[in-house]
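Structure first, then comments.
The values are calculated or read from the model by the stated rules, or taken from the named source; none is laboratory data. What you see is a predicted model, and the numbers here were worked out from it, not measured in a lab. Every residue, glycine as well, gets a Cβ built from its backbone with ideal geometry; the counts of neighbours run over all protein chains shown. SASA here: full protein model, heavy atoms, side chains in, ligands and nucleic acids out. Shrake-Rupley method; radii C 1.70, N 1.55, O 1.52, S 1.80 Å.
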Amino acid sequence: MRTLVLTDFHHLTIDERPAPRVVDGDDVVIALAYTGICGTDLHGYTGENGRRVPGQVMGHEAVGQVLDAGPAASAAGLAIGQAVTFNPALSCGECPACARGAEQHCVSGKVIGVAPEIVSAYAEQIVVPAGNVLPLPQGVPLAHGALAEPLAVGVQAVRQGGISGGSTVLVTGGGPIGQAVVLAALRAGAEHVVVSEPVKGRRQLCEQLGATTIDPAEGPASEQVLEILDGPAQVAVDAVGVDATLADCLHSVGPQGTVVLVGMGTPRVSIPAFAISTGQRHLVGSFCYSREVFAHAVDLLGQAGMDAGKLISREVPLAQAPEVFAEMAAGQMDPGKVLLRMGRDAV
């Protein structure tokens with residue numbers, strides 16, 4: 001099968017690898033149809049985040065069809081040819097974190113697409129434990145299944161912020177994760193979502209999703225938010241994760257408001273400490289998602305009026321992936337998600 005290999009930072013090649021096969025009774029082999037390009041993969045490609053290594057096959061936002069399955073997987077109701085996506089967070093199911101439903105913090109957990117020893121979703125096929133495989137809801141276009149993972153990240157951030165009916169929300173960063181937060185926040189009942197994003201195309205996409213947008217170049221985000229909402233935001237979600245965006249969040253929420261840090265733009269950030277202490281603001285992290293949150297995200301894809309397809313900017317065949325990564329690393333970013341078509345017949 002073809003795989004997309006990170007042979008070195010800033011260098012990807014298409015390579016042939018042996019196709020996976022069922023070894024354990026719980027194994028499911030998926031013929032992948034689409035895999036999304038995640039910002040963390042792009043930072044892995046450039047070497048910026050230190051979470052990818054040369055020789056690795058990355059990729060974790062994917063959808064496809066069941067090609068083969070072990071007896072336990074078949075008994076769980078997974079059928080050959082069924083359209084499925086998968087939760088890339090692998091967990092033991094037995095440690096304290098797993099027992100409390102926080103599988104993303106499993107002491108022995110791994111993430112498909114991050115663990116270098118796993119041939120991940122930038123490949124034509126992948127093998128995944130049956131417990132991580134979820135069927136797509138009836139009627140959901142196959143490509144939309146690749147959006148389940150980023151949508152789950154958005155759902156987790158919304159839950160961490162306690163966003164619910166009537167909430168007023170600021171999201172800094174209108175890229176794919178910020179867009180997922182917008183969708184999840186509105187589905188949770190948020191009254192008003194404002195997105196701060198410097199790129200016009202991304203602002204326009206967020207507006208299509210139902211958000212109000214601001215350009216941080218036009219003045220302090222906190223002042224623009226105050227004018228739009230007629231007061232500070234109750235919750236802010238930083239979907240970028242750099243000094244400037246985190247500061248915008250902390251200055252845009254009112255006293256005792258909550259800021260959720262989900263973006264991983266840099267490993268270290270400095271924070272305006274007085275904004276936290278004097279305003280008794282809450283700063284919380286959001287990482288990955290639990291199994292329950294991922295399943296909820298998959299269910300959201302099938303809900304009426306959930307036009308997740310707006311998040312997809314374009315689809316490109318796997319053979320063009322090296323050029324696409326190079327373009328994106330050079331700053332040629334699409335407004336929304338770029339999907340790789342994984343099939344050998346994709347043109």
Out of region 227-297, which trypsin sites (Lys or Arg not before Pro) are coil in DSSP terms and have no more than 10 other C-beta atoms within 10 Å? R268
Computed over region 210-347, Kirkwood Rh from alpha-carbon pairs, angstrom: 18.0 Å
Hull-based mean projected area of region 35-75, where the convex hull spans the alpha carbons, in square nanometres: 4.2 nm²
Note on the chain, DSSP bridge orientation, antiparallel percent to nearest 5 equals 55 percent
Alpha carbon centroid spacing (whole Å) that separates region 94-160 from region 219-262: 29 Å
Area projected by the alpha carbon convex hull of the chain, averaged over all directions, nm²: 16.8 nm²
For K200, counting only lysines whose alpha-carbon sits under 26 Å away and dropping same-chain residues fewer than eight positions off, the answer is K310, K337
With every protein chain left in place, what is the accessible area of H11 in Å² (1.4 Å probe, nearest 10)? 90 Å²
Distance in nm between V53 and I14 label points, each 7 Å along Cα→Cβ, equals 2.8 nm
R100/A329 FRET efficiency (R0 45 Å; Cβ-Cβ; nearest 0.05): 0.70
Per region 1-107, sqrt(5λ) over the Cα gyration tensor eigenvalues, sorted largest first, in Å, gives 27, 21, 12
Convex hull of Cα atoms in region 59-107, direction-averaged projection (nm²): 4.4 nm²
Taking the solvent-accessible surface of protein heavy atoms with a 1.4 Å probe, what is the per residue accessible area of region 205-347 in Å²? 47 Å²
Tell me the Rg and the Dmax, in Å, that the Cα atoms of region 43-180 produce. 16.5, 48
Nonlocal amide H pairs with Q56, under 5 Å, H built at 1.01 Å: L6
With both partners inside region 182-318, how many of the DSSP beta bridges are antiparallel, as a percent to the nearest 5? 0 percent
Under 5 Å from the placed amide H of V111, counting only residues 5+ away or on other chains, we find L90
Estimated translational D of region 99-226 in µm²/s (Stokes, Kirkwood radius over Cα pairs; 10 °C; 1.306 mPa s): 94 µm²/s
Cα-centre dipole for the chain with unit charges at Cβ (Lys and Arg positive, Asp and Glu negative), debye to 20: 280 debye
If R₀ is 25 angstrom, what is the calculated FRET efficiency for the pair R314 and E117, using the beta carbon separation as r and rounding to 0.05? 0.20
Which length gain, in nm to one decimal place, applies between T278 and A295 when the Cα-Cα distance is subtracted from 0.36 nm times their residue separation? 2.3 nm
Ranking request for peptides 212-219, 33-40: highest mean number of other beta-carbon atoms within 10 Å first, then the rest in descending order. 33-40, 212-219
Convert each backbone phi in region 164-172 into a coupling constant with the Karplus relation 6.51 cos²θ - 1.76 cosθ + 1.60 (shift: θ = phi - 60°), then list the ³J(HN,Hα) values in order as whole Hz, x for Gly and Pro. 8, x, x, 5, 10, 9, 10, 10, 9
Among G64, I276, L340 the positive-end extreme of the charge dipole of the chain (Cβ point charges): G64
Hey, what do the phi angles of region 313-326 turn into as Karplus ³J(HN,Hα) couplings, whole Hz, using 6.51/-1.76/1.60 and θ = phi - 60°, x for Gly and Pro? 8, 6, 10, 9, x, 3, 4, 8, 4, x, 5, 5, 4, 5
In Å, descending, principal axis extents of the Cα set of region 122-164: 37, 24, 20
For n ≥ 4 DSSP H runs only, could you compute -39500 (n - 2.57) per run for the chain, divide by its residues and tell me the 222 nm figure to the nearest 500? -7500 deg cm²/dmol
Excluding D68 itself, calculate the net charge of residues whose Cβ lies under 13 Å from the Cβ of D68, where each Lys or Arg counts +1 and each Asp or Glu counts -1. -2
